[in-house]
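Asker: Here's a structure for you.
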Amino acid sequence: MPLPTTPPIDSMKEKLIKLLVDYAFAPGSLRAFTFAQDRVAIGRSHTNDVKLTNPLRLVSRQHAEIRHEAGAFWLVDLGSKNATWLNGRRLEAERPYTIHNGDQFRVGDFQIQFVVSD
């Protein structure tokens with residue numbers, strides 16, 4: 001009798017995203033956000049999953065988004081005024097970039113580490 005097979009994990013509901021957010025101008029301000037969803041919105045607006053506010057307003061209302069599609073994670077700059085930076089590289093607006101466990105990205109004055117766990 002064959003052993004049952006486990007389908008590949010392709011749903012965000014089976015993985016957790018943790019975002020470790022550190023504000024550059026406030027030492028000790030590290031915050032952790034945990035999600036189990038296919039899209040995570042990041043920006044200044046109160047409608048975002050991760051709300052980032054600072055006095056310099058370097059974060060757009062809808063700044064960036066993390067997506068889980070086709071078995072991969074993607075970081076997308078949503079046309080922000082001050083760009084999104086992934087591992088020191090400026091992202092082109094509206095273009096998805098693969099993001100991996102441990103990667104770091106910057107939104108305004110916020111440094112964010114991307115962590116995935118089962």
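The values are calculated or read from the model by the stated rules, or taken from the named source; none is laboratory data. Bear in mind that the values here come from a model prediction, so they are computed numbers and not experimental data. Using ideal geometry, Cβ is built from the backbone for each residue, glycine included, and neighbour counts are taken over all protein chains shown. Areas reflect the complete protein model, heavy atoms only, side chains present, ligands, DNA and RNA absent. Shrake-Rupley method; radii C 1.70, N 1.55, O 1.52, S 1.80 Å.
Asker: Quick test of your reading of the structure: residue 73 fulfils all but one of (1) in contact (Cβ under 8 Å) with a residue 40 or more places away in the chain; (2) in contact with a Leu (Cβ under 7 Å, 6 or more places away or on another chain). Name the failing condition by number.
Answerer: (2)
Asker: Could you check the range 45-118 for strands (runs of 3 or more DSSP E) lying wholly inside it with 1 or more residues that are open to solvent by 60 Å² or more (accessible area, probe 1.4 Å) and out of contact with any strand residue (DSSP E or B) (no Cβ under 8 Å at 6 or more places or on another chain)? Can you show your working first?
Answerer: Working: elements: 64-69, 72-77, 84-86, 104-107, 110-117.
By residue number, 64-69.
Asker: Going by what's in this entry, would residue 38 be described as touching a residue at least 40 places away in the same chain (Cβ under 8 Å), out of contact with any Asp or Glu (no Cβ under 7 Å at 6 or more places or on another chain) and either open to solvent by 70 Å² or more (accessible area, probe 1.4 Å) or among the charged types (D, E, K, R) (or both)?
Answerer: Working: touching a residue at least 40 places away in the same chain (Cβ under 8 Å): no; out of contact with any Asp or Glu (no Cβ under 7 Å at 6 or more places or on another chain): yes; either open to solvent by 70 Å² or more (accessible area, probe 1.4 Å) or among the charged types (D, E, K, R) (or both): yes.
So residue 38 does not fit the description; no.
Asker: Would you check which residues across the range 2-33 are under 23 Å from residue 65 (Cα atoms), open to solvent by less than 80 Å² (accessible area, probe 1.4 Å) and at pLDDT 50 or above and list them?
Answerer: 15, 16, 17, 19, 20, 21, 22, 23, 24, 29, 32, 33
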